[in-house]
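Novice: One structure is given below, represented as structure tokens, and several questions about it will come after.
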Amino acid sequence: MNPLVSVITVSNRPGQKELVESMVNAQSYPEIEWIYVDTCDSTKTLGEHRNDAISYSRADYLAIFDDDDWNHPDRIQIQMDTLEEHDLDCCALSSIMLEIPKEGTIQSFWRPYWEGTLVCRREILIKHPYKPRQRTEDTNVGEIWDNPKYKCMGLNLPHLYLYKQHSSNTSGEEHFQRLFRQSKDAENRRLHLR
């Protein structure tokens, strides 16, 4: 029997709800509950809303699905298979595709983990909650990833996730430029290590 996975979406864009719902419903993994938190009329931060969603979850595992990104239908299945096969606590993608509309391109980016692709044991996210911030609320993922008591793995499968850059992202264009530089630096270091 497959463990239940709670897919968490925190959104202030009600027009995106149907799109995210269709991606959740298209997942090949059979045991999913979707927790959608509408933040339009709230004074809480993104981090507080994510923590609320975690508290609503009935599952042993949590997956993050942002409302403005695309997730491959096999993403959760592949990550859950990886968690089970390697007896892991957390799994995220180390490579993703990034759509840059201004340049008209889609590029692959690498770094040890991408926060928006996290699948993790619920108990860990309860111990390491999201920060009560509107931006950079997901620094807890780094705390988990760098903690030696947790077994985490990044998967180099960029086709499973498309991160979309647009004017409503919680982080501005400067953030994306920094990601690009960090990704290139990390890729160069990774290639040097081989």
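The values are calculated or read from the model by the stated rules, or taken from the named source; none is laboratory data. Everything numeric here is computed off the predicted structure, so don't read it as measured data. Cβ sites come from the backbone with ideal geometry, for glycine too, and all protein chains shown count toward neighbours. For the accessible areas, the whole protein counts, side chains as well, though only heavy atoms, and no ligand, DNA or RNA atoms are used. Shrake-Rupley method; radii C 1.70, N 1.55, O 1.52, S 1.80 Å.
Novice: Accessible area per residue of region 71-144 at 1.4 Å probe, in Å²?
Specialist: So region 71-144 comes to 44 Å² accessible per residue, rounded to a whole number.
Novice: ³J(HN,Hα) across region 19-31 via Karplus (A = 6.51, B = -1.76, C = 1.60, θ = phi - 60°), whole Hz, x for Gly/Pro?
Specialist: Going residue by residue, I get 5, 5, 4, 5, 5, 5, 5, 7, 4, 6, 5, x, 10 Hz, with x marking Gly and Pro.
Novice: Next question. Using the Karplus curve 6.51 cos²θ - 1.76 cosθ + 1.60 with θ = phi - 60°, work out ³J(HN,Hα) for each residue of region 74-80 in order, rounded to whole Hz, and write x for Gly and Pro.
Specialist: Each residue's phi maps through the Karplus curve to give 9, 4, 5, 4, 5, 5, 5 Hz.
Novice: Please tell me the relative contact order of region 39-136 in percent, rounded to the nearest whole number, where contacts are Cα pairs under 8 Å and at least six residues apart.
Specialist: 41 percent.
Novice: Step through the residues of region 103-120 one at a time and calculate ³J(HN,Hα) from phi using the Karplus curve (6.51 cos²θ - 1.76 cosθ + 1.60, θ = phi - 60°), rounding each to whole Hz and writing x for Gly and Pro.
Specialist: 9, x, 10, 10, 10, 8, 10, 10, 7, x, 7, 10, 3, x, 10, 5, 10, 8
Novice: On the accessible surface of region 1-95, probed at 1.4 Å, how many percent belong to carbon and sulfur atoms?
Specialist: 43 percent
Novice: Using the alpha carbons of region 87-153, what is the convex hull volume per residue in cubic angstrom, as a whole number?
Specialist: 94 Å³
Novice: For the ranges 12-18, 68-74, what's the packing order if you count other beta-carbon atoms within 10 Å of each residue, average per peptide, and put the highest first?
Specialist: 68-74, 12-18
Novice: Using a basic spin-label model with each label point 7 Å from the Cα along Cα→Cβ, how many nm lie between GLU84 and THR43?
Specialist: So the label points at GLU84 and THR43 sit 4.6 nm apart.
Novice: Next question, about the same structure. Simple spin-label model, 7 Å along Cα-to-Cβ: GLU33 to ILE106 in nm?
Specialist: 3.3 nm
Novice: Protein chains only, probe 1.4 Å: how do CYS91, CYS40 rank by accessible area, largest first?
Specialist: Working: CYS91 0, CYS40 60 Å².
Descending order: CYS40, CYS91.
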